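The values are calculated or read from the model by the stated rules, or taken from the named source; none is laboratory data. As the structure is a computational prediction, the values presented were derived from the model and not from experiment. FYI the Cβ positions are ideal-geometry reconstructions off the backbone, even for glycines, and counts take in every protein chain you see.
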Amino acid sequence: MTVIFQQLQTQATWSNAPAGKDHGFDPDFREPYATQAAGGQPITDSRVYGPEIGVPCQMEVKTYEEISMLAGGDDPLTNIVFVLHRRDLATADLLDPDTGNIKLKRNDKITRLEKNGRTVLLPVDELYVCRINPGSIGFGPDGYDLHIVLTKGRDAEPSGKG
């Protein structure tokens, strides 16, 4: 399987100001401004995401009990967990070459899951990275070689100017 990510571009989102605003984030709600085009079009916001990045993965589905204390547990989509190998993250340029830290972060979007180039899972609601944990402490050249990506199905909460 391959999970397709899009990274949240916080600087571009900050700069993507709607008409009459000097930046893209509402300071009261700490999220991008919501706008609606004339004619009853859907409400959109000013979030900006980078290009799609595919990473080979193993997908796991956790039970409600397993995740209820980890990632909120109140959303059925939080039971989708992706296990990523550091070698694949490095190939996709998602590891910082200086620190070895993973470049994926909370609120990066998961757009779909593919197998052999074919979409096999397209989330009905938007799906985001909630948390990333090391998945194999003690293994790999730097002490671990897997990362566990917990997901959430709620709206992302960008962290402001970044």
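From (1) closer than 20 Å to S136 by Cα; (2) in a loop (DSSP other than H, G, I, E, B); (3) modelled with pLDDT under 75; (4) not hydroxyl-bearing (S, T, Y), pick out the condition that doesn't hold for D74.
Looking at each condition in turn, D74 falls short on (1).
Quick one: in segment 77-127, which of the residues that are surrounded by fewer than 14 Cβ atoms within 10 Å (Cβ to Cβ) and acidic (D, E) is modelled with the highest pLDDT?
D93
Criterion first (part of a strand (DSSP E or B) and at pLDDT 90 or above) does V55 satisfy it?
yes
Does any residue in segment 18-37 that is over 19 Å from L8 (Cβ atoms) come within less than 9 Å, Cβ to Cβ, of a residue that is surrounded by fewer than 15 Cβ atoms within 10 Å (Cβ to Cβ) and not β-branched (V, I, T) six or more places away or on a different chain, and which pairs are these?
Q36/P42
Within segment 99-121, track down each residue that is among the polar types (S, T, N, Q), farther than 23 Å from N133 by Cβ and part of a strand (DSSP E or B).
Selection gives T119 alone.
Is it true that P32 is buried (at least 18 other Cβ atoms within 10 Å of the Cβ), touching a helix residue (DSSP H, G or I) at 6+ places or on another chain (Cβ under 9 Å) and either modelled with pLDDT of 90 or more or more than 22 Å from D145 (Cα to Cα) (or both)?
Yes; evaluated as a whole, the condition is true for this residue.
Quick one: in segment 1-25, which of the residues that are within 25 Å of D93 (Cα to Cα) and in a loop (DSSP other than H, G, I, E, B) is farthest from the chain's Cα centre (by Cα)?
Checked segment 1-25; the qualifying residue farthest from the chain's Cα centre (by Cα) is M1.
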